[in-house]
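Report on one structure; see the data block that follows.
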Number of protein chains: 2
Amino acid sequence: MDEQGPEGRGQKPRARGLHDRLLESLGPAITAGDYPPGTVLRTDELERHYDVSRTVVREAVRVLESMHLVESRRRVGVTVRPTEEWDVFDPQVIRWRLAGPDRPRQLRSLTALRSAIEPAAAALAAEHATPEQCAELTEHALNMVATSRGQQLPAYLIHDVAFHRVILRASGNEMFARLGDVVAEVLTGRTQHRVMFSDPDPEAVTLHVRVAEAVRAGDAEAAERYTKEITVGALRELDILAP
Amino acid sequence: MDEQGPEGRGQKPRARGLHDRLLESLGPAITAGDYPPGTVLRTDELERHYDVSRTVVREAVRVLESMHLVESRRRVGVTVRPTEEWDVFDPQVIRWRLAGPDRPRQLRSLTALRSAIEPAAAALAAEHATPEQCAELTEHALNMVATSRGQQLPAYLIHDVAFHRVILRASGNEMFARLGDVVAEVLTGRTQHRVMFSDPDPEAVTLHVRVAEAVRAGDAEAAERYTKEITVGALRELDILAP
DNA sequence: CGTGACTTAAAAGTCATACTTATTTGATGG
DNA sequence: CCATCAAATAAGTATGACTTTTAAGTCACG
């Protein structure tokens, strides 16, 4: 059960070495709570357990340490740190937690984050977007309309993700831009719960078109407002699914 | 000028080992652009240059790799990745960049982030804050008032930071909560540019009191609005300093 | 008894070296 | 000109010897 299922969308370069493999074992285990905070791991234990050399164990531990998942101290061992100290923004940590038992909680946090960030990003995008980005935006919005009916959810999703990526990138803020992956994860994650048969909310589709228009028109206020409505919808959706 | 000044508030446990020391050399160097994207470092070169063993170099490189600052490939070496791929949310990367030449740019990104997140956090805080947190909030707000006049900026700053930390924590969203450190960094960073003689903007001080009141009253809308005004003020301040 | 200084041992940290594996480059041959 | 194969290169892994930090236990002294 070590071979984790095929979840990657292509941007996650599966384990390329022993240390990566170990990391992909330990990381999920820790974030899933298999090793609760306070647990002490000893390197030679890990060596034996995973049948790898010290080199490999140390490298994996070092990375976990940089994520603040564990702390390594002499004469003590490698201690799992309390949850509040984890680097919750680390994409890898996010991935691990999304794959684990507190996926719902994580999804909520991320959706709240989205609904704070994306409207602001849209407002900035209205001011900074290049003509090309505006074009991309309307194109994706139109494609969303086109694929919004009749069991075309996978195609719809692709354009939905792309749309939001462009918005974030067009904001001109590098930090917002970097949230593209996270948003993608959330959006695709949603469809795994939502039944595949139900078509997307028509109102949401319309809103995307409106956002594209607003950005093109340079109307920051409108872009922000419509985006806010989209994300509020996403929040509401969560409340319905798990109230 | 390698000994970075005493900026830590105690939560950054300076280098505890050789690998940390190496990391604290390479990280800043890369984020500062001393090794521009595309540069290839070879491990044995680093070994000699920093006079450390293979083990140490590999561990440092592994961590840099987990931050997506570099990519290590066989038969090629350790390549510095393009800026857009860096993990801009990694606290350590943020620190390095704040200490480097594109500090202004970084400060702008972070302030934009703040102004997106904090209002949302305040709204959530109005709904979720415990009585204790409300008390802390008003206390810090009052202390801000008390220290807002007459060259007491350091004391003022402490309460300012604490105030925003409580808001973020009280939001009940773990991701918002984790931004406390970042906000602290931005707030303290501001005062290094702002001249130490000028007292803080009285209007901003008042707004903090209002936010505290709104949160205590459970008025999410007001809490969000007043917080928005605070962060907008911070944005405006940036525009004035570097338009 | 309690308290402080000293000793001890456990575990991580570091180093040097030998060996393995993937990958680029380029040479060879069809 | 393209495909295939060979060699060289740099990272990856393994291992044993040694160092350093530090928790914990011990003992002497107040």
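Using every alpha carbon pair in chain A, what percent of pairs falls into each 5 Å bin from 0 up to the bin containing the largest distance?
Reading the bins upward from 0: 1, 6, 13, 16, 15, 13, 10, 9, 8, 5, 3, 1, 0.
Give the carbon-plus-sulfur fraction of the accessible surface of the range A:102-241 in %, rounded to a whole number; probe 1.4 Å, heavy atoms of protein chains only.
57
Quick one: buried accessible area between A and B, total over both chains, 1.4 angstrom probe, nearest 100 Å²?
Chain pair A/B: roughly 3200 Å² of buried accessible area.
Taking a point 7 Å out from Cα toward Cβ as the label site, list the nm distances between A:Arg42 and the same residue in every other copy, smallest first.
Shortest to longest, the spacings are 4.1 nm.
How long are the three semi-axes of the equivalent ellipsoid for the range B:148-243, computed from the Cα gyration tensor as the root of 5 times each eigenvalue, in whole Å, largest first?
Result for the range B:148-243: semi-axes of 22, 15, 14 Å.
Rounded to the nearest 500 deg cm²/dmol, what is the calculated helix-only ellipticity per residue at 222 nm for the protein assembly as shown, with -39500 (n - 2.57) per DSSP H run of length n ≥ 4?
Mean residue ellipticity, 222 nm, calculated: -21500 deg cm²/dmol.
For the protein assembly as shown, taking Cα atoms only, what is the radius of gyration to one decimal and the Dmax to the nearest whole Å?
In Å, with Rg to one decimal and Dmax whole: 23.2, 68.
To the nearest whole number, what is the average tally of beta carbon atoms from other chains within 10 Å of the beta carbons of peptide B:110-120?
Values: counts 2, 1, 10, 7, 0, 2, 14, 5, 1, 2, 7.
For peptide B:110-120, the averaged partner shielding equals 5.
Counting trypsin sites (Lys or Arg not before Pro) as exposed when in a DSSP loop with at most 13 other beta carbons within 10 Å, what is the longest stretch of chain B free of them?
Counting at most 13 other Cβ atoms within 10 Å as exposed, the longest clean stretch of chain B is B:76-148.
Please give the average number of partner chain Cβ atoms lying within 10 Å of the Cβ of each residue in B:172-184, rounded to a whole number.
The mean count of partner-chain Cβ atoms within 10 Å per residue comes to 4.
Would you mind getting the accessible area per residue of chain A, heavy atoms of the protein chains only, 1.4 Å probe, in Å²?
So chain A comes to 49 Å² accessible per residue, rounded to a whole number.
Which of the chymotrypsin sites (Phe, Trp or Tyr not before Pro) found in the range A:144-243 are in a DSSP loop and have at most 16 neighbouring Cβ atoms, other than their own, within 10 Å?
Passing sites in the range A:144-243 are A:Phe197.
What is the Cα radius of gyration of the range B:18-85 over 2.2 N^0.38 Å, N being its residue count?
Taking N as the residue count of the range B:18-85, the ratio is 0.98.
Which is farthest toward the positive dipole end of the range A:102-241 among A:Thr191, A:Ala214, A:Ser171, measuring Cα position about the Cα centre, with Cβ charges +1 (Lys, Arg) and -1 (Asp, Glu)?
Value computed over the given set: A:Thr191.
Compute the Kirkwood hydrodynamic radius of the range A:83-226, taking the inverse of the mean of 1/r over all pairs of distinct Cα atoms, and give it in Å to one decimal.
15.6
Apply 1/(1 + (r/R0)^6) to the Cβ-Cβ distance of B:Asp239 and A:Thr55, taking R0 = 45 Å, and write down the FRET efficiency to the nearest 0.05. Before the final figure, lay out the partial values.
On the way: r = 51 Å, r/R0 = 1.12.
The value I calculate is 0.35.
The values are calculated or read from the model by the stated rules, or taken from the named source; none is laboratory data. The structure displayed is predicted, hence computed values, not measured ones. Quick reminder, even Gly has a Cβ in these numbers, built from the backbone with ideal geometry, and neighbours come from all protein chains shown. The accessibility values were calculated without ligands, DNA or RNA, using every heavy atom of the protein model including side chains. Shrake-Rupley method; radii C 1.70, N 1.55, O 1.52, S 1.80 Å.
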